[in-house]
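*Asks:* The following block contains the structure, expressed as structure tokens.
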Amino acid sequence: MRAIIGLIVLTTIPIASLYWWNHIDNQMRVFDIIDGELNLFPSNIIATTFIFVTDDCPISNRYAPEVQRLTKYFQPLGIDFHLVYVKPNISKEEIKKHKEQFFSEMTSVLHDPFHDLVNFSEAIVTPQAAIFDERKNLVYSGRIDDRYIDFGKQRPKVQKSDLEDALLNVMSNNLPNPKQTTAVGCYIRDLRR
């Protein structure tokens, strides 16, 4: 009897995990602000990059030019980019206004009020980036670059472009190294409902 139960458990868990994994984007309570259609992980791309932001985090706002530069360079090469607003109570109009003011060139803008994507991506602060490969494996989570040493303290010049390096590794079929870096910014946990 134990052998049968063990066999059932051993076959059920992988099948259930496979179902969950293949349907993860259908389970996310994430909303597309621009066109309403949501496909977090299209099948025709090399990787998907999420940039987590809020409208009132000064560090997020200061990274807008760099985020847009990376998007403009890597998106035509097959890497999807999504700007993800994580503040639960922000309105669609506030997101659109902020996007136009700071991230006007971004074409995919999402709202993650329940932090489903935040948790899936292991995001802790804004701004923070997460890269998933075509199999939905998290291959990078962390800072955009090392400009900020601490909140309110920044270097005069960027020494390490972590997100760009990670994207170049993904484009070369290599795993980013390091896989995770510590981002400096506004804590997402402070925004929970």
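The values are calculated or read from the model by the stated rules, or taken from the named source; none is laboratory data. This one's a predicted model, so the numbers in the text were calculated from it and none came from an experiment. So basically every Cβ, Gly included, is an ideal-geometry build from the backbone, and we count neighbours across all protein chains shown.
*Asks:* Report those strands (runs of 3 or more DSSP E) wholly inside the range 74-179 carrying at least 2 residues which are at pLDDT 95 or above and among the aromatic types (Phe, Trp, Tyr).
*Replies:* Values: elements: 79-85, 109-111, 128-133, 138-142, 148-150.
In the range 74-179, 79-85 are the strands (runs of 3 or more DSSP E) which contain 2 or more residues that are at pLDDT 95 or above and among the aromatic types (Phe, Trp, Tyr).
*Asks:* Here's something else I'd like to know. Give the range 136-170 a look and list any residue that's within 19 Å of residue 55 (Cα to Cα) and without any contact (Cβ under 8 Å) to a residue 40 or more places away in the chain, or say none.
*Replies:* 152
*Asks:* Of these, 96, 92, 136, which one is of a type in the set (Lys, Arg) and in contact with a helix residue (DSSP H, G or I) (Cβ under 9 Å, 6 or more places away or on another chain)?
*Replies:* Details: 96 fails: in contact with a helix residue (DSSP H, G or I) (Cβ under 9 Å, 6 or more places away or on another chain); 92 fails: in contact with a helix residue (DSSP H, G or I) (Cβ under 9 Å, 6 or more places away or on another chain).
Matching residue, one of 96, 92, 136: 136.
*Asks:* For residue 114, indicate whether it is farther than 16 Å from residue 48 by Cβ, touching a Pro at 6+ places or on another chain (Cβ under 9 Å) and in contact (Cβ under 8 Å) with a residue 60 or more places away in the chain.
*Replies:* Values: farther than 16 Å from residue 48 by Cβ: yes; touching a Pro at 6+ places or on another chain (Cβ under 9 Å): yes; in contact (Cβ under 8 Å) with a residue 60 or more places away in the chain: yes.
Against the criterion (farther than 16 Å from residue 48 by Cβ, touching a Pro at 6+ places or on another chain (Cβ under 9 Å) and in contact (Cβ under 8 Å) with a residue 60 or more places away in the chain), residue 114 qualifies.
*Asks:* Any residue at all in the range 122-135 that is more than 17 Å from residue 182 (Cβ to Cβ), touching a residue at least 40 places away in the same chain (Cβ under 8 Å) and either surrounded by fewer than 13 Cβ atoms within 10 Å (Cβ to Cβ) or not aromatic (Phe, Trp, Tyr) (or both)?
*Replies:* Among the residues of the range 122-135, at least one is more than 17 Å from residue 182 (Cβ to Cβ), touching a residue at least 40 places away in the same chain (Cβ under 8 Å) and either surrounded by fewer than 13 Cβ atoms within 10 Å (Cβ to Cβ) or not aromatic (Phe, Trp, Tyr) (or both), which makes the answer yes.
*Asks:* Give the number of residues within the range 39-59 that are part of a loop (DSSP other than H, G, I, E, B) and touching a strand residue (DSSP E or B) at 6+ places or on another chain (Cβ under 6 Å). Give the derivation first.
*Replies:* First pass over the range 39-59, keeping only residues part of a loop (DSSP other than H, G, I, E, B): 39-46, 54-57.
Keeping just the survivors that are touching a strand residue (DSSP E or B) at 6+ places or on another chain (Cβ under 6 Å) gives 41, 45-46, 54, 57.
Residues meeting the conditions: 5.
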